[in-house]
Amino acid sequence: MSFTQTMKEAASHLGLSNLLISQEGTCRIVFNDTQAIDIEESKEFEGMMHAYSVVGKIPRGNRETVFGMLLEANFLGQGTGTASLSVDQGAGEILLYQMISYSLCTPSQLAELIKALGQLATEWTQALSSIDTSHGQQTAPGKVAEFNIADTVNAIKV
């Protein structure tokens, strides 16, 4: 099944009837009117797609605390599941990223993966916004590291 067809069917499982996919194979799904997940078909790897979401800005201060938190979360997926946190220095953004094999998923499975990524991105956005970047205090909730995809899939609203 093509990327476009798979994404349109996955979108219907998410309750989206009008998903627009560009000619370049990109689209955006927004959760709860606030958290955008950008999706693009991989040009390098057949049957794969990139899904990512901006979860914060790279701070000017307290970078060591923030970057330490990101690296710790990436270790064995303890705060990211099968996704990973990264930075886009040019844009000054922190992103949650996941490469997904859409060719090995049914559209309903792909919809569940996208929902889980949307929930995790929302949690990371909230956690990163609660870090005090001026005083070196980490106030991010510890529950981010306890992320459970099974719980997330059942809890998210699209």
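The values are calculated or read from the model by the stated rules, or taken from the named source; none is laboratory data. All of these numbers come straight from a predicted model, not from anything done at the bench. All Cβ positions, even for glycine, are placed from backbone atoms using ideal geometry, and neighbour counts span all protein chains on display.
A few comments on the model shown:
- In segment 66-84 there is at least one residue matching the filter, namely being part of a strand (DSSP E or B) and either surrounded by 16 or more Cβ atoms within 10 Å (Cβ to Cβ) or touching a His at 6+ places or on another chain (Cβ under 8 Å) (or both).
- For S17: the one exception among (1) of a type in the set (G, A, S); (2) assigned to a strand (DSSP E or B); (3) more than 18 Å from the chain's Cα centre (by Cα): (2)
- Of all residues making up segment 29-72, the number that are of a type in the set (A, V, I, L, M), within 30 Å of F3 (Cα to Cα) and free of Cβ contacts under 8 Å to residues at least 24 places away in the same chain: 2
- Of everything listed in (1) in contact with a helix residue (DSSP H, G or I) (Cβ under 8 Å, 6 or more places away or on another chain); (2) closer than 27 Å to M1 by Cα; (3) modelled with pLDDT of 95 or more; (4) not aromatic (F, W, Y), the single unmet condition for L117 is (1).
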